[in-house]
Amino acid sequence: MSVRVRIAPSPTGDPHVGTAYIALFNLIFARHFKGKFILRIEDTDQSRSRPEYEKSIFEALRWCQIHWDEGPDIGGPYGPYRQSERTEIYRKHAYELLERGRAYKCFATAEELMEMREVAAKQGKRVGYDRRYRHLSPDEVRARERAGQPFVIRLKVPLTGECVFEDQIKGRIASPWADIDDQVLLKSDGFPTYHLANVVDDFLMKITHVIRGDEWMSSTPKHILLYESFGWTPPVFMHMPLLLGKEGKKLSKRKNPTSIFYFRDSGYLPEALVNFLTLMGYSMPAEKEIYTLDELIREFDPKRIGISGAFFDIQKLNWVNQKKIIDSIPEDKLWKRLVDWKFNETFMCKLMPLIHTRIKTFSEFMQLCDFFFISDMKFTPELLCPKQTSPELVSCILQAIIWNLDELEDWSGKGLEQASHNASERFGVHHKKVIIPILFSAVMGKSMGPPLFDSVTLLGKDTTRVRFMNAIETLGGISNKRMDLLKKGWEKKDCRELIPTTH
Ligand code: GLU
């Protein structure tokens, strides 16, 4: 049987380095064992999935030199490869499980579910749903359906015993069934949950090995039960160690740069990011740290995949990047790579209107525009805090602006303009005298420069986000307590009581 592996990203956010990391191990596995690597888009979460995020997943993976053999954009023998185009398949399979007596219709209302969760929490139970519709008689089910009561389809999870499986990286895993809820498979709107769609697709797409991040480990017992309930043989499961952020927790965009585009725009080489990401989950013999993807594919041995999470250490990435510049780009090709990065016609033509009337001589160009080309901004609290503001206030304002830009789903200059006015209102501070100077400093590292909002559009969402986060960190960060207060204030659209606006 030939190897078939897949990645199944959800297009719900910016392309995450974690997606590239998992994609790389799937790609390496497929190429080493002469199998196929599939890209499937899991867009069943209708409220969060966006076509533009799907496009950026393609663009980001291609920039990383990760190419797939089958996928929504190139087709293949087991398509469609986008879950929103396969809803009928999932519905059919959910009903098949009903017929097999392995699933049931549950008519619980939102209020009922809330009540059940409260009761369970009080009793210290891990399972929130009390299975009250699991044993309805066929007549009762029919009567409720005739009365037009909405329902979901749930999986019948065993009440006792444990699920035992062999993870090819982690070894034997056992988890008690009693800790697992009767999982919803089909929602009342007819859309599948992740679990149903994922298992049905992996089976129909003939996936032999599921290589995914550790965070999915807790879903695996449900998936194994689904395979068994359909009468199918499960694939081999391999759960990769997580990428960890500075705080030792799963790498998250709230605390770390995570978008692949951030690394591209900050001048990292794709071959360096790839080398670094594989290094996070794998160790070459003799501790070799610099290698090419082809080398790794040739020498790959799944036994050398790590077990525990690895720190996403930017210093290390910088080191790998420098090695790659020295080893793989000859002097006479370096300028070409820089041109490809940002010193090109396309980028410069966008930049020129911003500086046209702002330079007396060409020699002022670099100084005026340095922040477009620098990623390691040297912020100081003095720079970031306009007169009569405190570091606490400024960091809360920047954090609130990050949230607002995410809410608006618009990180362009236009979005920032709106967010800046919102911040001025909600914090009760002067827009021109307080908010604008803060933003100039956090974006450009100086108090004056080209037009702020146009500059942010050109700088891009990922760099802007990281710059704001770094500015907050320079100001000493935001304590958990203050963060909670800030959240409350922001939701109430009034943050004035949060911290004194002057000191
Ligand atoms: N849709 C899941 C994700 O976003 C897929 C997890 C899996 O590989 O099963 O990563």
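Here are the numbers:
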read-out	value
Lone unmet requirement of (1) assigned to a strand (DSSP E or B); (2) out of contact with any Lys or Arg (no Cβ under 9 Å at 6 or more places or on another chain); (3) of a type in the set (A, V, I, L, M) for residue 224	(1)
Residue selected from the stretch 21-50 under the condition within 12 Å of the ligand (Cβ to nearest atom) and small (Gly, Ala, Ser), by the criterion nearest to residue 259 (Cα to Cα)	23
Pairs where the first residue, in the stretch 2-15, is on the phi > 0 side of the Ramachandran plot and the second is in a loop (DSSP other than H, G, I, E, B) and more than 12 Å from the ligand (Cβ to nearest atom), C-beta under 6 Å, 6+ apart	none
Residue 424 of a type in the set (S, T, N, Q) and more than 25 Å from residue 370 (Cβ to Cβ)	yes
Candidate set from the stretch 228-254 (those that are more than 10 Å from the ligand (Cβ to nearest atom), touching a Ser or Thr at 6+ places or on another chain (Cβ under 7 Å) and farther than 26 Å from residue 399 by Cα); member that is modelled with the lowest pLDDT	241
Qualifying residue in the stretch 43-63 (condition: surrounded by fewer than 24 Cβ atoms within 10 Å (Cβ to Cβ), farther than 29 Å from residue 407 by Cβ and not β-branched (Val, Ile, Thr))	yes
Top-ranked residue of the stretch 360-388 - restricted to ones that are under 17 Å from residue 444 (Cβ atoms) and either hydroxyl-bearing (Ser, Thr, Tyr) or in contact with a Cys (Cβ under 9 Å, 6 or more places away or on another chain) (or both), ranked as surrounded by the fewest Cβ atoms within 10 Å (Cβ to Cβ)	380
Some residue of the stretch 153-170 being within 16 Å of the ligand (Cβ to nearest atom) and of a type in the set (A, V, I, L, M, F, W, C)	yes
Identity of the residue in the stretch 1-20, within 10 Å of the ligand (Cβ to nearest atom) and in a helix (DSSP H, G or I), that ends up farthest from residue 63 (Cα to Cα)	18
Among residues of the stretch 135-166, those that are under 30 Å from residue 301 (Cβ atoms) and surrounded by 16 or more Cβ atoms within 10 Å (Cβ to Cβ), counted	2
Scope the stretch 28-39; condition touching a residue at least 60 places away in the same chain (Cβ under 8 Å) and out of contact with any helix residue (DSSP H, G or I) (no Cβ under 6 Å at 6 or more places or on another chain); matching residues	29, 35, 38
Residues located in the stretch 341-384, provided they are without any contact (Cβ under 8 Å) to a residue 12 or more places away in the chain and part of a loop (DSSP other than H, G, I, E, B)	343, 344, 356, 357, 359, 360, 361, 376
Long-range neighbours under 7 Å by Cβ, at least six apart or interchain, first residue within 11 Å of residue 153 (Cβ to Cβ) and among the charged types (D, E, K, R) within the stretch 187-201, second assigned to a loop (DSSP other than H, G, I, E, B) and within 12 Å of the ligand (Cβ to nearest atom)	187/193
Residue within the stretch 421-432 that is in contact (Cβ under 8 Å) with a residue 24 or more places away in the chain, under 22 Å from residue 246 (Cα atoms), part of a helix (DSSP H, G or I) and not acidic (Asp, Glu) present	no
Of residues in the stretch 32-42 being touching a Lys or Arg at 6+ places or on another chain (Cβ under 9 Å) and not in a strand (DSSP E or B), the one surrounded by the most Cβ atoms within 10 Å (Cβ to Cβ)	40
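The values are calculated or read from the model by the stated rules, or taken from the named source; none is laboratory data. Computed from a prediction, not measured in an experiment: that's the story for all the values here. Reconstructed Cβ throughout: ideal geometry from the backbone, glycine too, with neighbour counts over all protein chains shown.
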